[in-house]
1. Do you know which residues across segment 24-51 are of a type in the set (S, T, N, Q) and not in a strand (DSSP E or B)?
2. Restricting to segment 41-64, name every residue that is surrounded by 12 or more Cβ atoms within 10 Å (Cβ to Cβ) and either among the aliphatic types (A, V, I, L, M) or modelled with pLDDT under 90 (or both).
3. Restricting the first residue to segment 104-132 and requiring it to be on the phi < 0 side of the Ramachandran plot and of a type in the set (Phe, Trp, Tyr), which pairs with a second residue that is at pLDDT 85 or above and not in a helix (DSSP H, G or I) meet a Cβ separation below 6 Å and a spacing of at least six or different chains?
4. Report, by residue number, each residue of segment 18-40 that is hydrophobic (A, V, I, L, M, F, W, C) and exposed (fewer than 15 other Cβ atoms within 10 Å of the Cβ).
5. From the residues in segment 106-123 that are part of a loop (DSSP other than H, G, I, E, B) and modelled with pLDDT of 90 or more, which one is farthest from residue 67 (Cα to Cα)?
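The values are calculated or read from the model by the stated rules, or taken from the named source; none is laboratory data. Note that the structure is a prediction, hence the values are computed from the model and not measured. Cβ: placed from backbone, ideal geometry, glycine included. Neighbour counts: every protein chain shown.
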Amino acid sequence: MRRQTKTSGINPAGSSRDLRLDPLSLPVTFAAHDSRADGYVRQVELCHDRVVLRRAVKGMRMAVNIRVSDFRGVARRRLHEAQMLVLLHRDPSLTIPLGTSGDLAEIDSAARMWSEILGVPELQDEVSRTPSARRRRRNAIRARRPKFLVRRRAGDAARTLPIHRDEREIIARS
């Protein structure tokens with residue numbers, strides 16, 4: 001297997017109108033649009049088991065290493081007259097473009113190939129548009145009180161315990 005460079009292999013993203021990455025020639029490195037990065041460009045390195053995103057934000061360079069299994073799947077996004085194939089992540093800023101084409105049959109076959117090679121599910125259009133379920137936040141009081149005390153209601157001792165006045169108390173002394 002050979003490593004793709006800027007002078008050989010598939011054209012990097014943004015070099016032409018139709019983006020087409022070949023799933024059979026992994027690992028692949030290409031540039032993709034990033035609205036938050038300096039110069040609006042990030043470098044993406046895509047392998048069978050991981051994705052590395054390299055970008056600079058306000059002069060600070062960073063690299064984000066993500067396992068492919070952390071992605072939700074391969075999804076289609078509708079553009080004006082074409083469709084885009086993306087590797088969908090829960091965080092929209094980490095979604096990776098895989099290909100763009102106006103031919104629906106080509107997008108379908110590419111989606112099946114990417115899904116099989118990366119080992120992630122192939123998502124339908126509706127699934128890619130719905131947001132993922134919000135993660136439950138921890139209760140603030142949970143960190144301070146044990147679990148059984150959180151469930152238990154605090155009682156009022158004055159109301160619940162009977163008070164006996166003017167009675168002789170019997171104490172057993174042994």
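1. 25, 35
2. Once the filter is applied, which keeps residues that are surrounded by 12 or more Cβ atoms within 10 Å (Cβ to Cβ) and either among the aliphatic types (A, V, I, L, M) or modelled with pLDDT under 90 (or both), segment 41-64 yields 41, 44, 46, 51, 52, 53, 56, 57, 64.
3. 114/74; 114/98
4. Result: 24, single match.
5. Result: 121.
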